[in-house]
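The values are calculated or read from the model by the stated rules, or taken from the named source; none is laboratory data. Just so it is clear, the structure is predicted and the values come from calculations on it, not from any experiment. Note: ideal-geometry Cβ built from the backbone for every residue, glycine included; neighbour counts use all protein chains shown.
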Amino acid sequence: MDKNKQQTVNSGLYLVATPIGNMEDITLRAITILKRSDIILCEDTRRSGNLLNYFKIKSKLLSYHKFNEKKVSNNVITSIKKNKVVSLISDAGTPVISDPGRILVNKCIEENLNIYPIPGASAATAAVSISGFSDQYLFYGFLTKKENELDKVLKNLCNVNYSIVFFIPAYKIDFYILKFKKYFFNREIVIAKEMTKIHEEYIREKVASINSLPENLKGELTVVLSGRIDKKNSKKEINESIKIEIKKMIKKYSHKDVVEFISKKENLPKKMIYNYCLKLKK
């Protein structure tokens, strides 16, 4: 490492944000750091190789993913102690956020080694910025695919009155939409696909009325839910169509589930629905 390089880029770990779609999402500083890195850790060497070739970056690429994270992290710590400059990138966006890297960051903290964020494109903030929803938001990331665990997570999140951001594999979006209809019935939704790319698209709907999406969607979607949209004046009585729906539901579901669902859907007091359910049982 020459003297000029030592003066401008210290040894340590650099968390470098990469494009979320368009190659030009990257920052000038990110390009400089990557060019001056001794090692660049990445999830997919082929995908990251395309990025580095585009910007004529010749630094050494090293595969770093959830299956080899612990093993590689130890070797990286040794390299940093030898005054090497190591960068970590993900396939898209900011590393460590819903991507591998936390083990390495914590090891650097334990060893008192330098860690530097190189900020840039973020799918979460990009999606929130165009959503029209409150900028007070909770970033959750990827949801579990296990239905029982998912129900527990969403049951807790449905009480959070902020915008909520999820990353969802495109092929699973319809599965999660059904769950959103159950737990986030009184919210709006924005689904961002192919952000900053040629075919970027934003789907805006009410959760209650959104339909299934095309089955040929690929990649990952960024989904933003609004905060709760509560009607100012709660209805004071259960009309006949709602009573019919309750009668059908009570045969299949518990009182608690019926009360939760109807209360959110129709903006009715839970106590009123519960009393009507008891009346049906008599």
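Things worth noting here:
- Helices (runs of 4 or more DSSP H) within segment 44-114 that include 2 or more residues at pLDDT below 90 and under 17 Å from PRO19 (Cα atoms): 45-54
- In segment 40-62, the residues that are more than 16 Å from SER87 (Cα to Cα) reach residues that are modelled with pLDDT of 90 or more and assigned to a helix (DSSP H, G or I) with C-beta atoms within less than 6 angstrom, at least six apart or across chains, in these pairs: TYR54/MET23.
- Evaluated against (1) farther than 26 Å from GLY141 by Cα; (2) under 22 Å from the mean Cα position of the chain (by Cα), ASN275 falls short on exactly one condition, (2).
- Qualifying residue in segment 151-174 (condition: charged (D, E, K, R) and part of a strand (DSSP E or B)): no
- Of the listed requirements (1) assigned by TED's automatic domain parsing to the domain that holds THR32; (2) more than 25 Å from PHE67 (Cβ to Cβ), ASN159 misses just one: (1).
- Residue within segment 99-106 that is within 20 Å of ALA208 (Cα to Cα) and either buried (at least 20 other Cβ atoms within 10 Å of the Cβ) or in contact with a Gly (Cβ under 7 Å, 6 or more places away or on another chain) (or both) present: no
- Matching residues, segment 241-282, being touching a His at 6+ places or on another chain (Cβ under 6 Å) and of a type in the set (Val, Ile, Thr): none
- Residue within segment 141-151 that is within 20 Å of ARG204 (Cβ to Cβ), of a type in the set (Phe, Trp, Tyr) and either free of Cβ contacts under 8 Å to residues at least 12 places away in the same chain or in the same structural domain as GLU215 (by TED's automatic domain parsing) (or both) present: no
- Tally of residues being surrounded by fewer than 20 Cβ atoms within 10 Å (Cβ to Cβ) and either assigned to a strand (DSSP E or B) or under 24 Å from the mean Cα position of the chain (by Cα) (or both) across segment 27-38: 1
- Boolean, SER263 is free of Cβ contacts under 8 Å to residues at least 40 places away in the same chain, small (Gly, Ala, Ser) and loosely packed, with under 13 Cβ neighbours inside 10 Å: no
- Restricting attention to segment 242-270, the residues that are in a helix (DSSP H, G or I), more than 35 Å from the chain's Cα centre (by Cα) and either over 24 Å from PHE184 (Cβ atoms) or at pLDDT below 85 (or both) add up to 3.
- Selection count, segment 184-233, where residues are modelled with pLDDT of 90 or more, over 25 Å from GLY120 (Cβ atoms) and among the charged types (D, E, K, R): 5
- Residue within segment 197-206 that is of a type outside the set (Lys, Arg), out of contact with any Cys (no Cβ under 8 Å at 6 or more places or on another chain), buried (at least 17 other Cβ atoms within 10 Å of the Cβ) and touching a residue at least 12 places away in the same chain (Cβ under 8 Å) present: no
- Yes/no for ASN83 being among the polar types (S, T, N, Q) and without any contact (Cβ under 8 Å) to a residue 60 or more places away in the chain: no
- Within segment 58-71, being in contact with a helix residue (DSSP H, G or I) (Cβ under 8 Å, 6 or more places away or on another chain) and over 22 Å from THR32 (Cα atoms) holds for GLU69, LYS70.
- Candidates are the residues of segment 107-127 that are of a type in the set (A, V, I, L, M) and touching a residue at least 40 places away in the same chain (Cβ under 8 Å); the one that is surrounded by the fewest Cβ atoms within 10 Å (Cβ to Cβ) is ILE115.
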